Amino acid sequence: MTTRILILGAAGRDFHDFNVLYRDDPTTEVVAFTATQIPDIADRRYPQELAGDRYPDGIPIVAEDDLERLIAAERIDQVVFAYSDVGHAHVMHLAARANAAGASFLLTGDETMLASTKPVISVTAVRTGAGKSQTSRKIRGIVAASGRTAAAVRHPMPYGNLVKQRLQRFVTFADLDTADATIEEREEYEPYLRDGAIVFAGADYEAILRAAEEEAQVILWDGGNNDTPFFRPDVDICVVDPHRSGHEVNYWPGEANLRRAGAVIVNKIDTANPDDLKTLRRSIAAVNPKATVTEAASVVSVENPSMIEGKKVLVVEDGPTTTHGEMAYGAGWVAARQHGAAEIIDPRPHAVGSLADVFARYPHLEKVLPAMGYGEAQRADLRKTIHNACTEAEVVVIGTPIDLSGVLDLDVPAVRVFYDLEEKSGPTLEELIAPALEG
């Protein structure tokens, strides 16, 4: 008897789980993927070229809102949850909806981790925006300084043509232009490319891993959101955020990352509330007492700080961190405060189109503009919103990891903010990754 499966996803983990667990399994049939979190990914298909010969028409991607109707209409036996950075209650409400509609509910685990022939260093987090990427970039630099080549493999962000995005390799900024990379993709890839690194991403992580192994002596998994690793790690590092103390045990699958990790990085201690730090330390000790703990600062710098002092500023921050990551501010806001901005303006009255919808959906955002740019239309809305806000603001403070001025062709005064990890106590990153380098 064939088990009919519905996979709940957001154009990332869902495709990976399908490829690893179900694509070649004759006892199962994946009827559809659902979509959430990311705009404009529903009403597409996972293509036959990726789905395989068992799916000659590909697999439809539909809105998650249709869960109960799909279970009934398609006689679904099992619902598989396959996305990240959501509260435990959110996951269990979906489980209850699936069970009430007559289907079982599954959370996948280590069976989705691919084994590598090379040492794997994994960097995950308990929430998106905790500081995975700055940690990963520093680790890549350490590996390079040791005389070894590290390939950075990023969590999937296949929002375009999935066939073309099956296996992506980025070495130059021109590669990003060729791939028509979104703002979200550029934020993750550009800092690596500036440092001379090779970055892999895409939709088929078996093919991606094997390609990375051909070029690198060390594989660096730079996870997305707070997802678990796609590759089985030899060194397992989890980054936690004291600005969201308590979230480390209340969000899926971030709590699993914390409980599994051999090393925990407590980031942003330089800007954290001391009481929140104490709470977080107790939480780590309670759920993973065997892990080593390193405390670090996220050091913020500005390319031209004199442009901020005494000025009214518009702060633009990383989109996922400030939206479903639930952070009301980021590095740009911190930089504006540190460098004496006269006022951080409210961007909401200036928002247009999809950006106005984002503010309606995430009411905790009051003083920062999330850099949402998943497609051409949304990038146009972001550019228009920034220009509208600059009728009030004198300077734009760009807290994203890329130069938005160039991507959006902004015609307004702007300064960029940078942030880097600096260990303050506990084992250094060199010490944490030594087992992988020695191996």
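The table below lists the values:
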| read-out | value |
| --- | --- |
| Qualifying residue in region 234-244 (condition: touching a helix residue (DSSP H, G or I) at 6+ places or on another chain (Cβ under 9 Å), closer than 17 Å to Met113 by Cβ and aliphatic (A, V, I, L, M)) | yes |
| Of all residues in region 328-344 being buried (at least 20 other Cβ atoms within 10 Å of the Cβ) and touching a Lys or Arg at 6+ places or on another chain (Cβ under 7 Å), the one that is farthest from Leu369 (Cα to Cα) | Ala341 |
| Any hit, region 139-155, residues being part of a loop (DSSP other than H, G, I, E, B), within 28 Å of Gly87 (Cβ to Cβ), outside the structural domain of Glu317 (by TED's automatic domain parsing) and not aliphatic (A, V, I, L, M) | yes |
| Leading residue by the ranking (modelled with the lowest pLDDT) among those in region 159-172 that are among the hydrophobic types (A, V, I, L, M, F, W, C) and surrounded by fewer than 16 Cβ atoms within 10 Å (Cβ to Cβ) | Val163 |
| Count of region 117-135 residues which are closer than 18 Å to Glu213 by Cβ and assigned to a helix (DSSP H, G or I) | 0 |
| Search result, residues across region 33-49 that are touching a strand residue (DSSP E or B) at 6+ places or on another chain (Cβ under 9 Å) and either part of a loop (DSSP other than H, G, I, E, B) or crowded, with 20+ Cβ neighbours inside 10 Å (or both) | Phe33, Thr34, Ala35, Thr36, Gln37, Ile41, Ala42, Asp43, Tyr46, Pro47 |
| Contacts under 7 angstrom Cβ, first residue in region 281-301 being under 30 Å from Phe418 (Cα atoms), partner in a strand (DSSP E or B) and among the acidic types (Asp, Glu), 6 or more apart | Thr294/Glu423; Ala296/Glu422; Ala296/Glu423; Ala297/Glu422; Val299/Asp420; Val299/Glu422 |
| Which numbered condition Ala285 fails, given (1) surrounded by fewer than 24 Cβ atoms within 10 Å (Cβ to Cβ); (2) touching a helix residue (DSSP H, G or I) at 6+ places or on another chain (Cβ under 8 Å); (3) assigned by TED's automatic domain parsing to the domain that holds Asp227; (4) of a type in the set (A, V, I, L, M) | (2) |
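The values are calculated or read from the model by the stated rules, or taken from the named source; none is laboratory data. Everything numeric in this text was worked out from a predicted model, so none of it was measured. With ideal geometry, Cβ positions are generated from the backbone for all residues, glycine too; neighbour counts draw on all protein chains shown.
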